[in-house]
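A short worksheet on the structure shown next.
The values are calculated or read from the model by the stated rules, or taken from the named source; none is laboratory data. For clarity, every value in this text was computed on a predicted model and none was experimentally measured. Quick reminder, even Gly has a Cβ in these numbers, built from the backbone with ideal geometry, and neighbours come from all protein chains shown. The protein model used for the area step is the full one, side chains on, heavy atoms only, and it has no ligands, DNA or RNA in it. Shrake-Rupley method; radii C 1.70, N 1.55, O 1.52, S 1.80 Å.
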Protein chains: 2
Amino acid sequence: MPERVSDIGEFGLIRRIRDLLNREGMRSERLTLGIGDDTASFLPRPGYELLVTCDCMVEGRHYLPKHISPLNLGRRAMALNISDIGAMGGRPLYALISLGLKADTLVQDIEEVYRGFLAELNPFGAAIIGGNLTQSGNGMFIDITLIGEVEQGRGVRRSGARPGDVILVTGYPGQAAAGLNLLLHAPDEAKLLKHPLVKIYNTPSHRARLGEAIAQGGWATAMIDISDGFLGDLGHICEESGVGAELFQEKLPISEELREAALMLQRTPYDFILGDSDDYELVITCRPKDVAPLRVISERCCPVPLTEVGRVTDTAREMTLIFPNGERRAVKPSSWDHFRLTHGLIT
Amino acid sequence: MPERVSDIGEFGLIRRIRDLLNREGMRSERLTLGIGDDTASFLPRPGYELLVTCDCMVEGRHYLPKHISPLNLGRRAMALNISDIGAMGGRPLYALISLGLKADTLVQDIEEVYRGFLAELNPFGAAIIGGNLTQSGNGMFIDITLIGEVEQGRGVRRSGARPGDVILVTGYPGQAAAGLNLLLHAPDEAKLLKHPLVKIYNTPSHRARLGEAIAQGGWATAMIDISDGFLGDLGHICEESGVGAELFQEKLPISEELREAALMLQRTPYDFILGDSDDYELVITCRPKDVAPLRVISERCCPVPLTEVGRVTDTAREMTLIFPNGERRAVKPSSWDHFRLTHGLIT
């Protein structure tokens with residue numbers, strides 16, 4: 001009989017997790033105290049700012065267990081947070097994990113979730129240094145706080161975009177939404193788990209390496225990662241910078257996979273690229289002269305293309321899509337909203 | 001009609017919270033970026049270690065809405081985390097709040113929960129710098145990550161107790177458990193909310209000011225706050241320090257209120273003081289010569305007595321209770337365990 005959380009109890013589970021982290025996790029030399037005391041402690045690096053973010057995934061709301069393995073669930077939850085640190089130009093250092101668990105959860109599934117966390121953290125030498133375990137009512141939740149660092153004054157905010165700046169985006173926004181739609185509308189889900197877009201949805205790649213390199217070079221005026229859809233997050237830049245944006249429809253990057261999936265789903269690729277989609281790609285603005293060095297650095301440390309898609313304008317908060325025939329159409333983000341959800345996992 | 005979360009949506013709620021924090025919260029001069037970007041950022045103080053802890057409260061598991069007001073719920077959730085920072089000898093600086101909410105939650109209740117957070121943070125000049133809002137299934141949860149600081153090398157751990165050290169405790173452990181029991185077993189709950197022990201349970205006082213002063217003086221060899229009961233947390237010190245403990249029964253501090261409540265509940269005060277109880281008092285060990293300065297500092301910055309209750313021994317992990325007639329009895333913590341709970345809120 002495989003062990004369940006209720007068999008070994010809270011303290012038993014803490015010991016198991018601690019052992020797993022000791023065996024498979026990284027050690028940080030600036031960590032002065034890890035799991036097992038009232039708090040963890042570490043010595044910050046002189047000359048660096050600390051970055052802090054937290055993000056939570058709730059069963060039935062952000063994921064369904066039948067659609068994602070425990071390992072990939074852990075990877076996804078951690079990648080979301082790493083993406084936020086990367087979008088500031090930082091590097092992840094320390095994670096705290098707060099889990100809400102059902103008593104009948106399999107211990108081996110929890111261990112797999114932690115292996116997923118480590119799969120994302122280990123490449124950065126980042127470590128899990130604390131957390132909290134609690135029993136939750138009828139569904140699991142994973143709440144991660146991630147601490148990172150960036151050289152003092154080099155963090156890239158949402159608020160620095162200026163009229164005339166170029167708008168760039170990494171990869172192919174919309175792919176994650178298409179992957180999610182395939183999962184939700186397909187008759188045979190199990191087969192679909194290997195579909196490239198479903199994989200992109202389930203285990204998104206963050207662009208934190210690129211974000212860090214961009215911050216070091218000082219080339220970006222604003223940067224954000226895509227969790228509310230390309231338009232939604234570009235909208236956040238416009239809002240915080242007090243600017244607008246013009247986008248050229250024919251420049252929007254569309255992958256072959258997205259084109260095919262849209263066809264299958266009887267939609268257009270633009271429904272996905274301009275709608276809600278959590279792709280964890282980067283939206284970047286920069287002065288025109290900095291596009292060239294950005295391209296060089298992107299080719300060096302990012303496996304997907306960097307595409308110039310538009311310009312920052314001085315029409316505050318207005319976003320316009322320009323078609324090849326010159327037609328201009330005002331566009332608004334459909335604004336993913338967890339409390340007024342229409343396209344969510346559970347509707 | 002009072003507004004509900006579903007009326008104003010996630011982004012509306014974020015704005016409301018941001019406004020409330022701007023009006024009623026504190027500003028930190030080392031904070032370089034607050035709520036509203038991919039991450040918050042701050043400049044750590046040179047010569048200080050950072051402390052990080054997180055703690056989660058789940059509706060139906062750690063509290064019942066009918067037993068606690070939204071304001072007190074916020075205070076309680078934050079006090080638990082401040083207590084952890086204080087038990088290391090640190091001072092709280094920054095909090096991140098992750099909330100799982102039902103769509104029909106009243107916006108004014110959420111605002112009251114945040115006022116509760118601020119009631120605990122403001123006296124330290126500490127600020128809420130980020131967080132996450134998500135819809136949860138059938139119950140609310142509040143997950144707080146709290147960051148604090150302590151002068152480098154001055155943090156007080158669980159692992160430093162040595163044989164011959166004196167064991168001290170602040171206040172009256174067991175009072176919180178008695179308060180909880182009164183709440184759960186009383187016919188008229190509403191009247192009970194003003195009972196002093198119920199108040200102690202609902203809005204526990206942390207001893208973070210004392211913890212910080214003790215760390216600065218360097219008097220403690222080990223320190224922990226009581227969240228798993230006095231014996232449970234003394235047991236954590238024994239475990240991490242590789243030592244044992246002798247406790248003198250007649251020295252255990254019992255308040256008049258606890259004595260009366262025990263009588264009402266047909267139990268003995270020792271059931272509560274030696275059982276599970278989350279009192280957020282401090283258990284401290286120190287060398288005998290340091291008891292005197294500890295008493296002085298405690299009288300200066302702690303409103304409850306500091307009581308010498310026993311000695312650290314070299315019998316690893318064994319705790320013994322010594323009765324006035326010389327009888328010795330081995331005692332074990334009943335080990336509060338969220339997954340194998342027998343005395344919990346919901347059984």
Next item on the list: With an 8 Å cut-off on Cα pairs and a minimum separation of 6 or more residues, tell me the relative contact order of region B:1-140 in percent.
Entry: 36
Item checked: Copies compared at A:Thr315 - label distances in nm, ascending, label defined 7 Å from Cα in the Cβ direction -> 8.2
Notebook entry, point to check: In region A:158-206, which residues become less accessible by 50 Å² or more once every protein chain is in place, relative to the chain on its own, using a 1.4 Å probe?
Noted result: A:Arg158
Item checked: Per-pair calculated FRET efficiency, R0 = 56 Å: B:Ala190 and A:Leu184 via Cβ, rounded to 0.05 -> 0.75
Margin query: With every protein chain kept in place and ligands, DNA and RNA left out, what is the accessible area per residue of the protein assembly as shown? Probe 1.4 Å, answer in Å².
Written below: 39
Notebook entry, point to check: Can you give the calculated 222 nm mean residue ellipticity of chain B, where each DSSP H run of n ≥ 4 adds -39,500 (n - 2.57) and the sum is split over every residue, rounded to the nearest 500 deg cm²/dmol?
Noted result: -10500 deg cm²/dmol
Note to self: Tell me the total accessible area that A and B bury against each other, 1.4 angstrom probe, in square angstrom rounded to 100.
What the structure shows: 5600
Next item on the list: Under 25 Å Cα to Cα from A:Lys332, which lysines show up? Leave out anything in the same chain fewer than 8 places away.
Entry: A:Lys251
Check: What relative contact order, as a whole-number percentage, does chain B give when Cα pairs under 8 Å and 6 or more residues apart are counted?
Finding: 21
Item checked: Share of carbon and sulfur in the accessible heavy-atom surface of chain B [1.4 Å probe, %] -> 48
Margin query: Assume the label is 7 Å from Cα along Cα to beta carbon: what separations in nm does A:Gly326 have to the matching positions in the other copies?
Written below: 10.8
Margin query: Give me the dipole magnitude in Debye, nearest 20, for region A:102-243 about the Cα centre, with unit charges on the beta carbon: positive for Lys and Arg, negative for Asp and Glu.
Written below: 340
Checklist line | Burial of 50 Å² or greater, region B:51-68 residues [accessible area, probe 1.4 Å, versus chain by itself] | finding: B:Val52, B:Cys54
Check: Averaged across the residues of A:227-237, what count of C-beta atoms belonging to other chains lies within 10 Å of each residue's C-beta?
Finding: 1
Notebook entry, point to check: Where a Cα-Cα gap under 21 Å defines reach, which lysines qualify for A:Lys66, not counting those fewer than 8 residues away within the same chain?
Noted result: A:Lys102, A:Lys191, A:Lys194, A:Lys199
Item checked: Estimated dipole of the protein assembly as shown in Debye, rounded to 20 [Cβ of Lys and Arg +1, of Asp and Glu -1, Cα centre] -> 720
Note to self: Averaged across B:40-48, how many Cβ atoms of other chains sit within 10 Å of each residue's Cβ atom?
What the structure shows: 6
Next item on the list: Would you work out which of A:Pro65, A:Phe11, A:Phe124 lies farthest towards the positive end of the dipole of chain A, given +1 charges on the beta-carbon of Lys and Arg and -1 on that of Asp and Glu, about the Cα centre?
Entry: A:Phe124
Next item on the list: Quote the charge dipole size of region B:190-347 about the Cα centre in Debye, to the nearest 20; the model charges only the Cβ of Lys and Arg (+1) and of Asp and Glu (-1).
Entry: 300
Margin query: What does the copy distance list look like for A:Lys199, label position 7 Å along Cα→Cβ, in nm and ordered from shortest?
Written below: 6.2
